[in-house]
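Colleague: Can you read through this structure? Questions will come right after.
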Amino acid sequence: MSLQRYLIKRLLVMIPVLFGVTLLTFSLTKMLPGSPVDYILQFQETTPGLREQLRAQYNLDEPIYIQYWLWLRDAMVLDFGDSLISDRSVSGAILNRLPNTLLLGVMGFGIAISIGIPLGVVAAVNNGNTIDEASRVAALIGIATPNFWLGLMLLLIFSVQLGLFRVIPPDQPVLSPSMLKFVILPAITLGTASSALIMRLTRSSMVEELNKDYVRTAKAKGLSERTVIVKHVLRNSMVSVVTVAAIQVAFIVNGSVVVEQVFSWPGVGRLLIDAITQRDLPVLQAIVLMIAVTIVFVNLVADLLYSWLDPRIRY
Amino acid sequence: MRLVDILYAFPFLVLAIALIAVLGQGFWNMITALVLVVWISYARLLRGEVLSVKENEYVTAAKALGARDRSIIFRHVVPNAMAPVIVQATLGIGTVVLNAAALGFLGLGLEPGSPEWGSMLARGRSSLIQGQWWITVFPGLAIFLFVLSINLVGDGVRDAVDPQGDTSGGAGVRE
């Protein structure tokens, strides 16, 4: 199958998945106890026509499948209505927080890769000796550490004891230099567990590659150890690392919900938790949908990258 | 399997949070939410294993002998496909504990006031700033040691049931 045909096939498969994702998001939030109307009526005096008027405003007087269709239609143009709590548009509230979360996610991912891949290579080259053992132990520790606890410990050491960072970041635009400093600790917290997983995977796929015939050929040609590893083995091992890196995106999203809470980082993850505790239905729906759709697309990119790197894999 | 693809689009914690919001807080609701999230990875794993195991010659042989589908599935295919599932189930305990503690930390775990490591950490956060480090250090250490021990057992189980398996330290476990 050519890459083009594979792309078309993958895109077609995505349609039912995306449909299911929207349906699941919609039904989950519909099942939440309490409707937006009840919420608003808590704060207002109920006049006879008001409830009906509000129900009409939120399309609650329509049958459920019409409600879903109307919601889906608006969601496609990113119109999720207004937040019940803050009177802002939901998309506005999310867009306002999105740069913070993206910065945190990209930095965390960067840390995960820049620690995980080199350490994995070192462990594979030293397969079986003390350095390899040490990396195995480090990975076990990294995977078993709860990220929120690691975050609190970093806060304790660097903010409370050493006083290097303020405990709560100042409320400033995220890309200002003074704010960039505050992303360091959350990004380390976010990246640690991922880096352990990426390291182990890089190691195991490199060990596999190192035993292949082409490695012996390259060595017999007289290439230096370094060239063989960097130019031949590493490139071939990266194929499986790419897929796992894609899974790590979901892992990073997961982690950012918790890490943002630990560091009071004003991102989408905190918005999600606030939306849950305050029962802000439109915000909740929009964030859950946005996360799921992002992950569907990341998986698509990973699959394409995978089959581009290794053309044998196209099914 | 399309259902699994759909559920895979939701990160573990996000789906669990949404389910708890629907079900409400509490012990059994939390268990239900976690189960509804984790079954997916086992379904996917077992599907892949069964697909490869059923190509084996002994399955063809059993068919040729006239065995019924049901007995082939339960006596030949499933037992041979279980090894990675057992390994993942052991390592999966650690993942579930970490996520359960995270839910507790976010205030979405058990009923408020229940003794739970995650919520202890959340309560300790404010005292941490005043320098009372012990309230956060020890519950976290407990979670860490518990998950580490479970993962070590998982590694041992893997060596026992699946000697050729990878040694990626749980890299195959869905988070």
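The values are calculated or read from the model by the stated rules, or taken from the named source; none is laboratory data. Just so you know, these numbers come straight off a predicted model, no measurement behind them. With ideal geometry, Cβ positions are generated from the backbone for all residues, glycine too; neighbour counts draw on all protein chains shown. Heads up: the accessible areas ignore ligands, DNA and RNA and are worked out on the full protein's heavy atoms, side chains in. Shrake-Rupley method; radii C 1.70, N 1.55, O 1.52, S 1.80 Å.
Colleague: State which helices in chain A qualify, where a helix is a whole DSSP H run, it must extend 30 Å or more along its own axis by its Cα atoms, and its mean Kyte-Doolittle hydropathy must be at least -1.0.
Modeller: Helices meeting the criterion: A:3-30, A:90-125, A:184-210, A:234-262, A:281-309.
Colleague: Under 25 °C and 0.890 mPa s, how fast does the protein assembly as shown diffuse according to Stokes-Einstein, given a Kirkwood radius computed over C-alpha pairs? Answer in µm²/s, whole number.
Modeller: Answer from the Stokes-Einstein relation: 99 µm²/s.
Colleague: Now for a different question. Computed over the Cα atoms of segment B:2-161, what is the ratio Rg over Rh, Rh following Kirkwood? Mind showing how you got there, number by number?
Modeller: Working: Rg = 20.6 Å, Rh = 18.3 Å.
Dividing the radius of gyration by the Kirkwood radius yields 1.13.
Colleague: With just the Cα atoms defining each centre, how far is segment A:115-141 from segment A:239-315? Give it in Å.
Modeller: A separation of 28 Å, based on Cα centres.
Colleague: For segment B:15-65, would you read off the P(r) tail past 14 Å as a percentage of all alpha carbon pairs?
Modeller: Pairs farther apart than 14 Å: 63 percent.
Colleague: I've got another one for you. Tell me the net charge near A:VAL90. Cut-off is 12 Å between Cβ atoms, A:VAL90 excluded, with +1 for each Lys or Arg and -1 for each Asp or Glu.
Modeller: Once positives and negatives cancel, what remains is -3.
Colleague: Using the Kyte-Doolittle scale, find the helices of chain B whose mean hydropathy is at least 1.0 and whose Cα atoms extend 20 Å or more along the helix's long axis, counting only whole DSSP H runs.
Modeller: B:27-53, B:83-105, B:134-161
Colleague: For A:ILE113, A:ILE247, what's the largest-to-smallest order of accessible area, 1.4 Å probe?
Modeller: The ranking, largest first, comes out as A:ILE247, A:ILE113.
Colleague: Highest mean first, how do B:77-84, A:67-74 rank when packing is the count of other Cβ atoms within 10 Å averaged over residues?
Modeller: Numbers: B:77-84: 16.8, A:67-74: 15.1.
Per-residue Cβ counts within 10 Å, averaged per peptide and sorted highest first, yield B:77-84, A:67-74.
Colleague: How charged is the neighbourhood of A:GLY116? Take every other residue with its Cβ under 10 Å from the Cβ of A:GLY116, and add Lys/Arg as +1 and Asp/Glu as -1.
Modeller: The answer is +2.
Colleague: Pairs of alpha-carbon atoms within less than 8 angstrom and 6+ residues apart define the contacts here; what relative contact order does segment B:2-161 have, in percent?
Modeller: 23 percent
Colleague: Related question: How crowded by other chains is A:239-251, given as the mean number of beta carbons from other chains within 10 Å of each beta carbon?
Modeller: Average per residue, whole number: 2.
Colleague: Right, something else. Run the simple label-point estimate for B:LEU145 and B:ASP159 please: 7 Å along Cα→C-beta, distance reported in nm.
Modeller: 2.3 nm
Colleague: Now a separate question. Once you average over the residues of A:252-264, how many Cβ atoms of partner chains fall within 10 Å of each Cβ?
Modeller: Mean number of neighbouring Cβ atoms from other chains: 4.
Colleague: Which value, in debye to the nearest 20, gives the size of the charge dipole of segment A:188-315 about its Cα centre, when Lys and Arg are +1 and Asp and Glu are -1 at the Cβ? Mind showing how you got there, number by number?
Modeller: Working: 13 positive and 9 negative charges, 135 e Å.
Dipole magnitude for segment A:188-315 comes out near 660 debye.
Colleague: Other chains' Cβ within 10 Å of A:152-161 residues: what's the mean?
Modeller: That works out to 4 on average.
Colleague: I would also like to ask the following. What is the list of residues in segment A:237-261 whose amide nitrogen lies under 14 Å from a point 7 angstrom out from the Cα of A:ASN96, following Cα to Cβ?
Modeller: none
Colleague: Quick one: if the Förster radius is 30 Å, what FRET efficiency do A:VAL301 and A:MET76 give, using the C-beta to C-beta distance and rounding to 0.05?
Modeller: So, using R0 = 30 Å, E works out to roughly 0.90.
Colleague: Same structure again: Based on the Cβ-Cβ distance from B:ARG68 to B:MET1, what FRET efficiency comes out when R0 is 25 Å, to the nearest 0.05?
Modeller: Efficiency, from the Cβ-Cβ distance: 0.50.
Colleague: Find out how many positive minus negative residues lie around B:LEU108, taking Lys and Arg as positive, Asp and Glu as negative, among other residues whose Cβ is under 14 Å from that of B:LEU108.
Modeller: -1
Colleague: While we're here: At A:ASP38 and A:LEU23, where each label point lies 7 Å from the Cα along Cα→Cβ, what is the point-to-point distance in nanometres?
Modeller: Between A:ASP38 and A:LEU23, the simple spin-label model gives 2.7 nm.
Colleague: To continue, here is another question. Multiply the residue gap between A:ARG51 and A:TRP69 by 0.36 nm, knock off their C-alpha separation, and tell me the result in nm, one decimal place.
Modeller: Going from the current span to full extension adds 4.2 nm.
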